[in-house]
Amino acid sequence: HHAKARHLGVVRYHPSQNHYDAASLSLISEFRRAVTDNQLVLHYQPKAKLSDGAVEAIEALVRWHHPARGLLYPDVFVPLVEQTDLIDDLTRWVLRHALEDLATIGDPHLAVAVNISARNLSRHTFAADVKAAVRRAGIEPHRLVLELTETALLFDPTRAHDVFTDLTSYGIRVSIDDFGRGQTSLGYLSALPLSEIKIDRTFVRDMVTNAAHAAIVRSVVELGHNLGLIVVAEGVETAEVGDELRECGCDVAQGYWFARPMPLVDLRRWLAGSDRGDFSLAQL
Ligand code: C2E
Ligand code: MG
Ligand code: MG
Ligand code: MG
């Protein structure tokens, strides 16, 4: 159903004509109701330490139960929503629900990661809004990780630096997502108050058979460690890749290998250990 949902949800933006086609426009207008009518839902995907399999965080990934089209994945609507101020409503909604869900899980060592968009950073109240959400949920600030993609980071590097400095001085952590897809200068990267980089799955998924990708992964792990950062690999689909990542010294893995994104009820069961399969057994 995943591929079908994506197919039905296809929308196009024509940069040359500077307008959206009809399908995109209607999806954007329908999105207003998605937020107010609770059509959005969060799935959670664990991030686990490669050394011992301990789950250190869960990432919130938004889905939209569209009344006519069924379950829509973020690739279909987030890039559109990001072109409008509705992205602020989306991020606020995700933050609130992710923090509330984390509070109900009751594991004080678990963090939640929320994806944010470049456009969120341009809102003057963004840092204050995030801090208020953390306060309201009664969550310690270090238990929130904000993920921004490397390409979004380059949209307004000065602004990103300022907002991150504000957020991290409060204790909130920041991660650079899909690392390796952009061209961040190393000087800029080292000046950012980051705690983590996530290596893009393009390099991770075939690192066992693709020597160039394996070399990139090793370099990013070394770079991250030299900058004092935690290095996460996304898109880890097999135990072979997991083993190779562990050999490289990569700290944390995320991927279908041990857990897909899942609704909160399933996550609870998974965290309780019943669905964890071979991962903890084989790796401990
Ligand atoms: P991302 O933050 O890089 O999230 C990783 C994506 O890869 C997720 O897709 C996840 O389901 C998928 N994935 C995880 N493990 C594997 C694996 O082993 N193999 C493969 N092939 N894929 C894997 P999803 O949930 O469709 O999200 C896509 C993107 O949409 C996210 O990429 C993120 O950039 C964006 N997104 C998701 N939720 C939000 C949100 O609440 N706000 C914003 N602004 N963006 C979001
Ligand atoms: Mg992410
Ligand atoms: Mg990513
Ligand atoms: Mg990615």
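The values are calculated or read from the model by the stated rules, or taken from the named source; none is laboratory data. The shown structure was predicted, so the numbers you read here are calculated from the model rather than taken from an experiment. Cβ placement follows ideal geometry from the backbone for every residue including glycine, while neighbour counts extend to all protein chains displayed. Each accessible area value is taken on the protein alone, full model and side chains, heavy atoms only, with ligands, DNA and RNA left out. Shrake-Rupley method; radii C 1.70, N 1.55, O 1.52, S 1.80 Å.
So, in segment 172-198, of the ones that are in contact (Cβ under 8 Å) with a residue 60 or more places away in the chain and open to solvent by less than 30 Å² (accessible area, probe 1.4 Å), which residue ends up nearest to ligand 1 (Cβ to nearest atom)?
ASP177
Identify, by number, the condition in (1) within 16 Å of ligand 1 (Cβ to nearest atom); (2) under 17 Å from ASP177 (Cα atoms); (3) of a type in the set (A, V, I, L, M); (4) surrounded by fewer than 15 Cβ atoms within 10 Å (Cβ to Cβ) that ALA239 doesn't meet.
Failed condition: (2).
Looking at segment 100-123, which of its residues are within 9 Å of ligand 1 (Cβ to nearest atom) and among the polar types (S, T, N, Q)?
If the condition is that a residue be within 9 Å of ligand 1 (Cβ to nearest atom) and among the polar types (S, T, N, Q), then ASN115, SER117, ASN120 are the ones that fit.
Among the numbered conditions (1) over 22 Å from VAL145 (Cα atoms); (2) more than 21 Å from the chain's Cα centre (by Cα), tell me where ASN226 comes up short.
So the condition that ASN226 fails would be (1).
What's the number of the condition GLY53 fails, among (1) small (Gly, Ala, Ser); (2) in contact with a helix residue (DSSP H, G or I) (Cβ under 7 Å, 6 or more places away or on another chain); (3) within 22 Å of VAL163 (Cβ to Cβ); (4) open to solvent by less than 10 Å² (accessible area, probe 1.4 Å)?
Failing condition for GLY53: (3).
So is GLY224 among the small types (Gly, Ala, Ser), under 21 Å from GLU56 (Cα atoms) and assigned to a loop (DSSP other than H, G, I, E, B) or not?
Here the answer is no, as GLY224 does not meet what is asked.
Say whether the condition of being out of contact with any strand residue (DSSP E or B) (no Cβ under 7 Å at 6 or more places or on another chain), within 16 Å of ligand 3 (Cβ to nearest atom) and open to solvent by less than 30 Å² (accessible area, probe 1.4 Å) is met by at least one residue in segment 136-151.
No, every residue in segment 136-151 fails to be out of contact with any strand residue (DSSP E or B) (no Cβ under 7 Å at 6 or more places or on another chain), within 16 Å of ligand 3 (Cβ to nearest atom) and open to solvent by less than 30 Å² (accessible area, probe 1.4 Å).
Looking at segment 119-146 only, could you name the residues that are touching a Leu at 6+ places or on another chain (Cβ under 9 Å), of a type in the set (A, V, I, L, M, F, W, C) and either closer than 24 Å to PRO46 by Cα or touching a residue at least 40 places away in the same chain (Cβ under 8 Å) (or both)?
LEU121, ALA127, VAL130, ALA133, VAL134, ALA137, ILE139, LEU144, LEU146
If you scan segment 203-221, which residues turn out to be surrounded by fewer than 18 Cβ atoms within 10 Å (Cβ to Cβ) and free of Cβ contacts under 8 Å to residues at least 24 places away in the same chain?
Scanning segment 203-221 gives ASP206, THR209, ASN210, ALA211, ALA212, ALA215, SER219.
So, in segment 131-159, of the ones that are within 16 Å of ligand 2 (Cβ to nearest atom) and in contact with a helix residue (DSSP H, G or I) (Cβ under 6 Å, 6 or more places away or on another chain), which residue ends up farthest from LEU86 (Cα to Cα)?
LEU144
Among strands (runs of 3 or more DSSP E) lying entirely in segment 55-158, which contain 2 or more residues that are closer than 19 Å to ASP200 by Cα and of a type outside the set (Lys, Arg)?
55-66, 111-115, 144-149
Would you confirm whether any residue within segment 23-41 is modelled with pLDDT under 95, buried (at least 20 other Cβ atoms within 10 Å of the Cβ) and more than 14 Å from the chain's Cα centre (by Cα)?
Looking through segment 23-41, at least one residue is modelled with pLDDT under 95, buried (at least 20 other Cβ atoms within 10 Å of the Cβ) and more than 14 Å from the chain's Cα centre (by Cα).
Return the total of residues in segment 96-120 being among the hydrophobic types (A, V, I, L, M, F, W, C) and open to solvent by less than 10 Å² (accessible area, probe 1.4 Å). So that I can check it myself, show each step before the final result.
Of segment 96-120, the ones among the hydrophobic types (A, V, I, L, M, F, W, C) are 98-99, 102-103, 105, 110-114, 116, 118.
Still in the running and open to solvent by less than 10 Å² (accessible area, probe 1.4 Å): 98-99, 102, 110-114.
Number of matching residues: 8.
Looking only at segment 152-162, count every residue that is open to solvent by less than 10 Å² (accessible area, probe 1.4 Å) and modelled with pLDDT of 95 or more and tell me the total.
Residues in segment 152-162 being open to solvent by less than 10 Å² (accessible area, probe 1.4 Å) and modelled with pLDDT of 95 or more: 1 in total.
Looking at (1) outside any helix (DSSP H, G or I); (2) of a type outside the set (Ser, Thr, Tyr); (3) at pLDDT 95 or above, which is the one condition that is false for ARG276?
Against the list (1) outside any helix (DSSP H, G or I); (2) of a type outside the set (Ser, Thr, Tyr); (3) at pLDDT 95 or above, ARG276 comes up short only on (3).
Which condition does VAL208 not pass, out of (1) in contact with a helix residue (DSSP H, G or I) (Cβ under 6 Å, 6 or more places away or on another chain); (2) under 21 Å from LEU148 (Cβ atoms), if it passes all the others?
Condition (2) is where VAL208 drops out.
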